[in-house]
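In what follows, a single structure is set out as C-alpha cells and then discussed.
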Amino acid sequence: MAGCVALPLSAAQTLPLPPEDVDLVGQVQVIKALHEDTLLDIARRSHLGHDEIVIANPAVDRWMPGEGTPITLPTRYILPDAERTGLVLNIPEMRLYHYPKAKRGEPHVLKTYPVSVGRMDWSTPLGKTSIASKQKDPAWRPPASIRAEAAARGEPLPEIVPPGPHNPLGQYALRLSVPGYLIHGTDKPWGIGMRVTHGCMRLYPEDSETVFKEVAVGTQVQLVNQPVKVGWVEGTLYMEVHPPLEEDIARKNSLMNIALDVLDQALQKRRVAVSGQAIRDAVEQQTGMPVAISRDAIQEANAR
C-alpha cells in the first residue's frame, strides 16, 4: 500500500484477532515521507518504535529521509508464543500486545504498541504478573540506585519528582505486581522502541492513555523473551527475527540455536519442508518482519 499517510496520534494499531491456528496479523506497508518528516515522526504516527523503523529502512537517513522517499512500515507481526489474553510484552521485540475482552456482538481484536524496555544493566523481568494498580498524574520517587547513578553523571535527582510535563512517568502509570516495575508514559517520546529504561516499560504518551483507560487492575501481564518467533498462516510457516538481548549474546546463547529450537517446537506440532537458506537469511538479517520459510511457498513466490 503506497501513499502519504498521516495517522492521528490517538489512533491505536488495532487488528482483527485471528483464529488460534493463525499466528500472523497486519501487513507491511510502504508510504512516502513528507518534506518535514523524520523517521521518528513517521514511527510515532504509525505506532512503531525507534529501532524497528530504523532496522526496516537501513538505507534511509533517520533525521532527513527526504520528501517522497519510500518508507517501509514493519506492521506485520507474528503473535508471541503466549496465551492470547491480557497483556503480552515481548522484550527483544520491544512490543506490547493487548488482547481486550470483546463486548457482546463485537469482533475480537488485538491492539499493539511499541515500548521501551530495560537496558542491559537494568533488565525488564520475565514471567507472568498482573496489573496491581493504576494512577493518573503520578509522582515519581526515584530509587536510591537511580539517584546515585544520576548524581554520578552530575544530574542529581530530587527524592520526589511531582506530576507535570517533565515527569519521566508521564501522565499515566500502571504498576505491576512485581515490585518496582511499571508500564507508563514518558516525557521523552523519541526514546520509544529502544533499551533505555531502568526496567520499566515506557509507552508513547497517547498510547499510555489508551492502555490506562482500557486495561483493568488485575489484568494478566506476560513478559516473554522471544527474539525469534514462528507462526502459521494458510499452511505456510513464517519466521520473524529481532536482535537478541545483549545479555543473551553475553551468555553465548547463539541466535541460530534459539531459532532452531523454536522451529523444532513448531514442526513437532505440524510438519512442513523448510528452506535452510531462508532461515539463515532471517537470522542474519534480523529485520523484525515475518518471512516465509516453507520451501513450497518460497518456490511458488520465485516462480511468479
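The values are calculated or read from the model by the stated rules, or taken from the named source; none is laboratory data. Fair warning: this is a prediction, and the values are worked out from it, not measured in the lab. Methodologically, a virtual Cβ is constructed for each residue, glycine included, from the backbone with ideal geometry; neighbour enumeration extends over all protein chains shown. Areas reflect the complete protein model, heavy atoms only, side chains present, ligands, DNA and RNA absent. Shrake-Rupley method; radii C 1.70, N 1.55, O 1.52, S 1.80 Å.
Go through segment 160-182 and report how many residues are among the hydroxyl-bearing types (S, T, Y) and either at pLDDT 90 or above or open to solvent by less than 30 Å² (accessible area, probe 1.4 Å) (or both). Please lay out each step first, then the result.
Within segment 160-182, the first condition is being among the hydroxyl-bearing types (S, T, Y), and the residues that meet it are 172, 177, 181.
Restricting the remaining residues to those that are either at pLDDT 90 or above or open to solvent by less than 30 Å² (accessible area, probe 1.4 Å) (or both) gives 172, 177.
Going through segment 160-182 one residue at a time, the tally reaches 2.
Looking at T124, is it over 14 Å from the mean Cα position of the chain (by Cα) and of a type in the set (S, T, Y)? Steps first, please.
On the way: over 14 Å from the mean Cα position of the chain (by Cα): no; of a type in the set (S, T, Y): yes.
Here the answer is no, as T124 does not meet what is asked.
Assuming Q220 fulfils every condition listed in (1) among the polar types (S, T, N, Q); (2) in contact with an Asp or Glu (Cβ under 7 Å, 6 or more places away or on another chain); (3) surrounded by fewer than 17 Cβ atoms within 10 Å (Cβ to Cβ) apart from one, which condition is it?
Every listed condition holds for Q220 apart from (2).
Every residue in segment 187-216 that is open to solvent by less than 10 Å² (accessible area, probe 1.4 Å) and of a type in the set (S, T, N, Q), please.
The answer is T197, S208.
Could you figure out which of (1) at pLDDT 95 or above; (2) outside any helix (DSSP H, G or I) isn't true of V211?
Going through (1) at pLDDT 95 or above; (2) outside any helix (DSSP H, G or I) one by one, V211 breaks only (2).
Within segment 273-300, can you find the residues that are farther than 21 Å from V28 by Cα and either at pLDDT 90 or above or open to solvent by less than 30 Å² (accessible area, probe 1.4 Å) (or both)?
Once the filter is applied, which keeps residues that are farther than 21 Å from V28 by Cα and either at pLDDT 90 or above or open to solvent by less than 30 Å² (accessible area, probe 1.4 Å) (or both), segment 273-300 yields A273, V274, S275, G276, Q277, R280.
Give the residues of segment 82-95 that are aliphatic (A, V, I, L, M), open to solvent by less than 10 Å² (accessible area, probe 1.4 Å) and under 22 Å from E247 (Cα atoms), sorted by residue number. Walk me through it before giving the result.
Residues of segment 82-95 that are aliphatic (A, V, I, L, M), as a first pass: 82, 87-89, 91, 94.
Filter once more, so that each one left must be open to solvent by less than 10 Å² (accessible area, probe 1.4 Å): 87-89, 91.
Passing the criteria: V88, L89, I91.
Search segment 119-142 for residues that are within 14 Å of I183 (Cα to Cα) and modelled with pLDDT under 90 and pair each with any residue that is open to solvent by 30 Å² or more (accessible area, probe 1.4 Å) and hydroxyl-bearing (S, T, Y) when their beta-carbon atoms are under 7 Å apart and the residues are at least 6 apart or on different chains.
Between residues of segment 119-142 that are within 14 Å of I183 (Cα to Cα) and modelled with pLDDT under 90 and residues that are open to solvent by 30 Å² or more (accessible area, probe 1.4 Å) and hydroxyl-bearing (S, T, Y), the close pairs are P125/Y181.
In segment 20-37, which residue that is under 15 Å from L79 (Cα atoms) and charged (D, E, K, R) is most open to solvent (accessible area, probe 1.4 Å)?
The extreme case among them is E20.
Would you point out which residue out of L73, L48, L79 is over 23 Å from Q222 (Cα atoms) and either modelled with pLDDT under 95 or buried (at least 20 other Cβ atoms within 10 Å of the Cβ) (or both)?
After ruling out the rest, the residue left standing is L73.
Taking the conditions exactly as written (in contact (Cβ under 8 Å) with a residue 60 or more places away in the chain, over 30 Å from T219 (Cα atoms) and β-branched (V, I, T)), does I55 satisfy them or not? If you could, list the steps in order and put the result at the bottom.
Details: in contact (Cβ under 8 Å) with a residue 60 or more places away in the chain: yes; over 30 Å from T219 (Cα atoms): yes; β-branched (V, I, T): yes.
In short, yes.
For segment 1-18, which positions are open to solvent by 80 Å² or more (accessible area, probe 1.4 Å) and at pLDDT 90 or above?
P16
Given the options A259, A282, name the one that is assigned to a helix (DSSP H, G or I), within 20 Å of the chain's Cα centre (by Cα) and touching a residue at least 40 places away in the same chain (Cβ under 8 Å). Give the derivation first.
On the way: A259 fails: touching a residue at least 40 places away in the same chain (Cβ under 8 Å).
Unique residue meeting the criteria: A282.
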